[in-house]
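The values are calculated or read from the model by the stated rules, or taken from the named source; none is laboratory data. Owing to the predicted nature of the structure, the values given are computational and were not obtained by experimental measurement. Glycine also receives a Cβ, built like all others from the backbone with ideal geometry; neighbour counts cover every protein chain displayed.
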Amino acid sequence: MTQLNLFPELITPLPVTYYPNFLNIQEANELYQHCLDLRWQQNQIKMLGKIMPVPRLECIYGDEGCNYLYSNSVLLEPLPWTEKLAQIRDKITALTGHNFRIVIGNQYRDGQDSIGWHADKEPSMGVDPAIASVSLGGVRKFQIKPIGGSATDYWLEHGSLLLMLPGCQSTHIHQVPKTNKFVSPRVNLTFRPYVDNTV
Ligand SMILES: O=C(O)CCC(=O)C(=O)O
């Protein structure tokens, strides 16, 4: 039976595509092990005039010189691609048609590690970037909402890919909230474009 939608403006699709089985279990396990050996660090961020530790570990790999500055405060300078990260980057490009120059890793050691509501609008990614986010390890809640709207929850599974489509960062914000429940450690890899704004 076809359902008549009397309020089409209320059902705007979210600007994301979720691929729960992007990697099979063996590929996901191998990538997770590889990621645990990456060069992680806890950076310091300046917020409301205070300097505080970022509530998660971070790393960055990518093309030489594709430095990433976020929140006007944290500068990430990429190490060269590892073979495995480059393979995953190429697999995402083959699936989605989008190209990426850097990958930023987030490691959530427990439920108190998190990332608050934000959009990824750094000029170094150019206008309307596609951002591809691979999840490994423990499942965490990822929330996304239109600016001023209400949130949709995704439970990002081991080996999944969430593609935030071009335009998403202009209209929506997202977060991985803290939780007091027990959660296993999780690694997230966000593959991002880079444009050289200086030429
Ligand atoms: O960990 C995630 O799934 C999201 C990470 C994120 O929002 C970011 O790196 O900007």
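Would you please name the residue that is farthest from the ligand (Cβ to nearest atom), looking only at residues in segment 129-152 that are surrounded by 14 or more Cβ atoms within 10 Å (Cβ to Cβ) and more than 27 Å from Gln33 (Cβ to Cβ)?
Quick first cut of segment 129-152, residues surrounded by 14 or more Cβ atoms within 10 Å (Cβ to Cβ) only: 129-146, 151-152.
Add one more test, that the residue is more than 27 Å from Gln33 (Cβ to Cβ), and what stays is 129-130, 143-146, 151-152.
Details: Pro129: 11, Ala130: 13, Gln143: 10, Ile144: 9, Lys145: 13, Pro146: 16, Ala151: 14, Thr152: 14 Å.
Result: Pro146.
From the set of residues in segment 114-128 that are surrounded by 14 or more Cβ atoms within 10 Å (Cβ to Cβ) and in contact (Cβ under 8 Å) with a residue 60 or more places away in the chain, which is farthest from the ligand (Cβ to nearest atom)?
My answer is Gly126.
For a quick check of your reading: which strands (runs of 3 or more DSSP E) sit entirely within segment 93-171 and have at least 3 residues that are within 15 Å of Phe22 (Cβ to Cβ) and under 13 Å from the mean Cα position of the chain (by Cα)?
131-137, 160-164
Considering (1) of a type outside the set (Lys, Arg); (2) under 17 Å from Gly105 (Cβ atoms); (3) within 11 Å of the ligand (Cβ to nearest atom); (4) touching a Lys or Arg at 6+ places or on another chain (Cβ under 8 Å), say which one Pro185 fails and leave the rest.
Exception for Pro185: condition (3).
Has segment 43-64 got at least one residue that is modelled with pLDDT of 95 or more and in contact with a His (Cβ under 9 Å, 6 or more places away or on another chain)?
No, that holds for no residue.
So which residues in segment 93-130 are among the β-branched types (Val, Ile, Thr) and farther than 30 Å from Lys181 by Cβ? Walk me through it before giving the result.
Start the filter on segment 93-130 by keeping residues that are among the β-branched types (Val, Ile, Thr), which leaves 93, 96, 102-104, 115, 127.
Result: Thr93, Thr96, Ile102, Val127.
Looking only at segment 68-103, which residues are of a type in the set (Val, Ile, Thr) and away from the ligand (no atom under 14 Å from the Cβ)?
As a first pass, look at segment 68-103 and keep what is of a type in the set (Val, Ile, Thr): 74, 82, 88, 92-93, 96, 102-103.
Selection gives Thr82, Ile88, Ile92, Thr93, Thr96.
Is one or more of the residues making up segment 104-111 over 26 Å from Pro55 (Cβ atoms) and either near the ligand (Cβ under 9 Å from one of its atoms) or surrounded by fewer than 18 Cβ atoms within 10 Å (Cβ to Cβ) (or both)? I'd like the intermediate steps shown before the answer.
First, pick out the residues of segment 104-111 that are over 26 Å from Pro55 (Cβ atoms): none.
Looking for residues that are over 26 Å from Pro55 (Cβ atoms) and either near the ligand (Cβ under 9 Å from one of its atoms) or surrounded by fewer than 18 Cβ atoms within 10 Å (Cβ to Cβ) (or both), one finds none in segment 104-111, hence no.
Would you tally the residues in segment 45-66 being more than 20 Å from Phe100 (Cβ to Cβ) and surrounded by 13 or more Cβ atoms within 10 Å (Cβ to Cβ)?
Initially, segment 45-66 is screened for residues more than 20 Å from Phe100 (Cβ to Cβ), giving 45-57.
When the remaining residues are screened for being surrounded by 13 or more Cβ atoms within 10 Å (Cβ to Cβ), the result is 45, 54-57.
So the count comes out to 5.
Yes/no per residue for (1) acidic (Asp, Glu); (2) within 18 Å of Gly138 (Cβ to Cβ); (3) surrounded by 22 or more Cβ atoms within 10 Å (Cβ to Cβ); (4) away from the ligand (no atom under 11 Å from the Cβ):
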site	(1), (2), (3), (4)
Ser170	no, no, no, yes
Gln175	no, yes, no, no
Lys181	no, yes, no, yes
Tyr194	no, no, no, yes
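Could you please find all residues in segment 57-76 being within 18 Å of the chain's Cα centre (by Cα) and on the phi > 0 side of the Ramachandran plot?
Those that are within 18 Å of the chain's Cα centre (by Cα) and on the phi > 0 side of the Ramachandran plot: Gly62, Ser71.
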